[in-house]
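Encoded as structure tokens, the structure appears first; notes follow it.
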Amino acid sequence: MTDVIALGDAIDAINSVGFTPWGIAVIGKEIFVSQYNVTTYKIKVFDADTYSVKREFNINGVTANQYGSIGTDGTNLMVSNSSECIVTVDKQNGTAIKTGTIVYRFSLTATFDVDLERDLIVFQQYTGGSVRIIRYSTGVILNTYKMPTSSTGSGAIIYRKKGGSEAYIVVSQYFNNMIFVSGDISKSTDNLTFSHIYTYNNTSKITGLGLKGNQLFIGVYSPSSKIVRLDISSLIIDKFLISSEDRLYSVDNPPLKSSASTTANDNFPAQAAIDGIVLTNNANGSRWSSALNDTGASFMIEFPFSIEIDQIRFLQYKHNNSGSVHSRIRNCEVTFSNGAPFQTTLNDASVDYNQVPTESNWSVIQFPSRKTSFVKIQRLSSYAGSPDYISFIEFEVYSKGKKITKDMFIALKALNNSTEENYLKHGMSSRTEINLDDEIVGKKFIVNQNTTLGSGKVFKQKIDTSKIPIKNASIT
């Protein structure tokens, strides 16, 4: 169990001003609290430092879902309507700005959280207390988790570590007054475990959650309506480094990166084509699309280290709906970091809107194995379409029949001292699993102590060549 230090009540006796807290969202230096069990949203806004009431407003024109769920993407205030779709509202006065169409099925959840960077939305359903992790742009359920202690659910938010890449799901449960935290979700939301980290007291019912830095705000519905504040900064030091001889080490999985010459808009980024998800429903985030009339459209995957590859495979999106047929690559050039590029002609393979793809819908390019740090494909000509977009739903790279994934890249970081900065920035979570059978593919030395260069001085770093064979070296 992680030690959590209670700081005491941040906002006490809210019911004295006629308010019972349900959902909580923290945006900047303001705490937004929704009134429990209403048809029209009633929001009270507190200063996150002084805890004084700054303003109150109703969200007119939006019928609240059940008890009234609220959340944020870090910038915008969001609520759920009676259809359980997200409505983005003006955080100053509650005016509805945008109504979404994806039904997330919040049920009676108090607080939900949107992570735009990872394209996730997390929340906990009231009945059964199941935590759901959903692709925000499509509504596809990625994971569902039960808590170790079963109870009615209320809130779920993402706690992002300051100074590191780690992120955790923090969960509140209504009847048993418990707070749980997940394992690190920065690399994957699969196979998570949740640990009990705090119990408020045995007579209360706790509702929504909000975070400002390391301060966790928790709504208390009963016996007296209030919001309590907890310090969860102890989670930050829940890290370790591996010690061997005179160095400390950290094991990491560096990411695959994708880029493109152009994108149609933010809804169809290059990263969507390497997320491992095949969707043909034209939803936001389901594919990459070039800008209109990009006659030299190109798409590229970069690997953390140079690797041997011999095949690329990609699924082009034709659309073929409502008179719209996207262009498809016909002649293309394939480029690598090492060796000459080559050109080839593709058959007209693609997938239509809402079509279930088969192997024949994929384009496959095979070539003699070569070592490279990236692979890029560029359109030279195309099978005509209107509008003239080039779009990939998924782009895959293979080596000897095996698909290249991010989990295949393992980096060992070598650190020269045990400073707090190194633990925070490079330390591994205590829940990290290290497979000792995996081969360390890349090595990276991190030197924190800089020396001013003098005349003719290049660098000073001892390297044990018996442990790390050096075949060549270059200085730039």
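Computed values, structure above
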item: Cβ-Cβ under 6 Å pairs, at least 6 apart or on other chains, the range 260-288 side under 19 Å from F374 (Cβ atoms) and open to solvent by 50 Å² or more (accessible area, probe 1.4 Å), far side modelled with pLDDT of 85 or more and not in a loop (DSSP other than H, G, I, E, B); result: S261/S298; Q271/S258
item: Residue within the range 321-339 that is crowded, with 18+ Cβ neighbours inside 10 Å and touching a helix residue (DSSP H, G or I) at 6+ places or on another chain (Cβ under 6 Å) present; result: no
item: Residue match in the range 166-177 (condition: part of a loop (DSSP other than H, G, I, E, B), under 24 Å from K205 (Cβ atoms), out of contact with any Ser or Thr (no Cβ under 7 Å at 6 or more places or on another chain) and open to solvent by 10 Å² or more (accessible area, probe 1.4 Å)); result: no
item: Selection status of V364, among the hydrophobic types (A, V, I, L, M, F, W, C) and under 26 Å from the mean Cα position of the chain (by Cα); result: no
item: The range 362-385 residues that are free of Cβ contacts under 8 Å to residues at least 60 places away in the same chain and at negative phi, paired with ones that are part of a loop (DSSP other than H, G, I, E, B) and surrounded by fewer than 16 Cβ atoms within 10 Å (Cβ to Cβ) (beta carbon under 7 Å, 6 or more apart); result: Y383/D348
item: Any hit, the range 118-139, residues being in contact with an Asp or Glu (Cβ under 8 Å, 6 or more places away or on another chain), open to solvent by 30 Å² or more (accessible area, probe 1.4 Å) and either of a type in the set (G, A, S) or free of Cβ contacts under 8 Å to residues at least 12 places away in the same chain (or both); result: no
item: Candidates L380, L412, filtered to the one that is surrounded by fewer than 18 Cβ atoms within 10 Å (Cβ to Cβ) and at pLDDT below 95; result: L412
item: Output for the range 31-44, where each listed residue is farther than 16 Å from A96 by Cα and buried (at least 18 other Cβ atoms within 10 Å of the Cβ); result: I31, V33, Q35, Y36, K44
item: Residue tally, condition basic (K, R) and crowded, with 22+ Cβ neighbours inside 10 Å, over the range 85-111; result: 1
item: Subset of the range 376-410 [of a type in the set (A, V, I, L, M) and within 25 Å of the chain's Cα centre (by Cα)]; result: I393, V397, I404, M408, I410
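The values are calculated or read from the model by the stated rules, or taken from the named source; none is laboratory data. Quick caveat: nothing in here was measured; it's all calculated off a predicted structure. Don't worry about glycine lacking a Cβ; one is built from the backbone with ideal geometry, like all the others, and counts go over all protein chains shown. Note: accessible area is taken over every heavy atom of the protein model, side chains too, but ligands, DNA and RNA are not part of it. Shrake-Rupley method; radii C 1.70, N 1.55, O 1.52, S 1.80 Å.
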